[in-house]
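Since every read-out is calculated from the coordinates, none of them should be taken as a lab result. Keep in mind it's a predicted model, so treat the numbers as computed, not measured. When we count neighbours, we look across all protein chains shown, and the Cβ atoms used for this are built from the backbone with ideal geometry, even at glycine.
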Amino acid sequence: MTGCIPMTSSETTIVSVENTPVSLPGVVPLAQQAVVSVVEQVRLARDTFRLRLDCADIARRAVPGQFFMIRSPDRTNPLLARPFALYDTFLNDAGDVAGIDVVYLVVGKMTRLMSTWTAGDRVEIWGPLGNGFPVPTAEHLLLVGGGIGQTPFLAVAREARRLRCYGEPVRSVADAPRTITFCYGVRSAAYLAGVDDFASTGIDIRLATDDGTRGHHGFVTDLVATALQSSHRPDAIYCCGPEPMMHAVAKQAGQHNVACWLSLETPMACGFGACFSCVTRVKQDDGEWDYRRVCVEGPIFPARQLALD
Ligand SMILES: Cc1cc2nc3c(=O)[nH]c(=O)nc-3n(C[C@H](O)[C@H](O)[C@H](O)COP(=O)(O)OP(=O)(O)OC[C@H]3O[C@@H](n4cnc5c(N)ncnc54)[C@H](O)[C@@H]3O)c2cc1C
Ligand code: FES
């Protein structure tokens, strides 16, 4: 790995590809920028890939729900990096954190380019960015993933089951949830990605497909409704996916008075607070609305603070 130095909150420093330090405004105290190597690329489902990057220093600092900005250091088209959530860290033979996995769905220019990368290719990355999910304290934690919005939840599940530690310093999970349920919905079975990874954590997995090719025939919100109506209903929900689905889940959580956090997938240009391309309306403690940058104050917000109309 080359050109890896911390960005500080008072003076955010980012190292360019040529290793010339450039100061930028922003609040990303633990983030680093580097050009790193692809370790492997694995197809998980239709148009869906897991990209493994050799970036131990960045990986050690990441917590579930944080994200990374990724681009090619050798091309200007596409110029802007794109945000991708931490799927998980991976370990080397000695058991030390060696890098990160991201899982992505091919939708446009950058993700099409990413799908051509192979072992040894160079990738520019900066992160970890954003706030991450809160350390889980619920007795029954419900994870809700719609489409590629499932990506943050493997690390959440592994942390909540105490199978893997995250962050530097390592954040501890004092009151681990007794039950973790993962409701995962996609349009069709061919798009289900990483179900074996989730199954290996021992959590309760409930699948839904829009076309009925696997699991419940219908939307993931049907599974959420069932969970909320059960005798052992969840007392916290972490949710990520398409906006209409997140709004529906937030509404369901509100009706049952269950705390709910949403991970927003707002398009971003810089990822570290400088460009204001990612703002969203957030309700403050005094009830007034203000704008917040999703990249630095999110991407995870309590649903009750968001404008969900
Ligand atoms: C914090 C965060 C974490 C994310 N994590 C992941 C992840 O783990 N895996 C993953 O596959 N994707 C993730 N995304 C979304 C990912 O960043 C976009 O899919 C990516 O930027 C698309 O780039 P592209 O050049 O391939 O597509 P583009 O050419 O930029 O766009 C292609 C099409 O997708 C639409 N589009 C682009 N970005 C978004 C978006 N954020 N929301 C809705 N529509 C969009 C465009 O309007 C266009 O129609 C995340 C986004 C955020 C903000
Ligand atoms: S993406 Fe630039 S400020 Fe958020």
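Here the Gaussian network model covers the chain, with springs between Cα atoms less than 10 Å apart; of 227, 174, 259, 174 fluctuates the most. Exposure proxy shown here: for 210, 74, 121, 285, the number of other Cβ atoms within 10 Å sets the order, fewest to most, as 285, 74, 210, 121.
Just the number, please: percent antiparallel of the DSSP beta bridges in the chain, rounded to the nearest 5. Bridges in the chain are about 65 percent antiparallel. Across region 12-129, Cα-Cα distances exceeding 25 Å account for 18% of all pairs. Counting every C-alpha pair in region 98-171, the share spaced more than 21 angstrom apart comes to 41%. Relative to the longest principal axis of the Cα atoms of the chain, the long axis of helix 220-229 makes an angle of roughly 50 degrees.
Which percent of the Cα-Cα distances in the chain go past 34 Å? Of all Cα-Cα pairs in the chain, 18 percent lie more than 34 Å apart. Longest stretch of the chain clear of exposed loop sites (GluC sites (Glu not before Pro), DSSP loop, at most 12 other Cβ atoms within 10 Å, sites excluded): 19-287.
Site pair residue 283 and residue 119 shows an inter-label distance of 5.2 nm when each label is modelled 7 Å from Cα along Cα→Cβ.
Under a Gaussian network description of the chain, with springs only between Cα atoms under 10 Å, the residue in 175, 204, 286 that fluctuates furthest is 286. Both radii were evaluated on the Cα set of region 78-209; the Rg over Rh quotient, with Rh as the Kirkwood radius, amounts to 0.97.
The ranking of 44, 163, 192 by Cβ neighbour count inside 10 Å, starting from the fewest, reads 163, 44, 192. The phi torsions of region 139-155, fed into the Karplus equation with coefficients 6.51, -1.76 and 1.60 and a -60° offset, translate into couplings of 6, 10, 9, 9, 9, 10, x, x, x, 6, x, 6, 4, x, 8, 5, 5 Hz, rounded to whole numbers, with Gly and Pro shown as x.
According to the square roots a ≥ b ≥ c of the eigenvalues of the Cα gyration tensor, what is the shape class of region 215-309, taking rounded for a/c under 1.5, prolate for a/b larger than b/c otherwise, and oblate for the remainder? Cα axes put region 215-309 in the prolate bin.
Once C-alpha pairs closer than 8 Å and six or more residues apart are averaged by separation and normalised to the residue number of the chain, the relative contact order reads 16 percent. Going by neighbour counts of Cβ atoms within 10 Å, the residues 101, 88, 235, 196 line up, fewest first, as 196, 235, 101, 88. Taking every DSSP helix (H) stretch of at least 4 residues in the chain, weighting each as -39,500 (n - 2.57) and dividing the sum by the residue count yields a mean residue ellipticity at 222 nm of -4500 deg cm²/dmol. With respect to the chain, whose longest principal axis is taken over its alpha-carbon atoms, helix 243-255 is tilted by about 50°. Hey, with R₀ at 22 Å, roughly what FRET efficiency would residue 42 and residue 210 work out to, going by the Cβ-Cβ distance, to 0.05? That pair, residue 42 with residue 210, gives E of 0.30.
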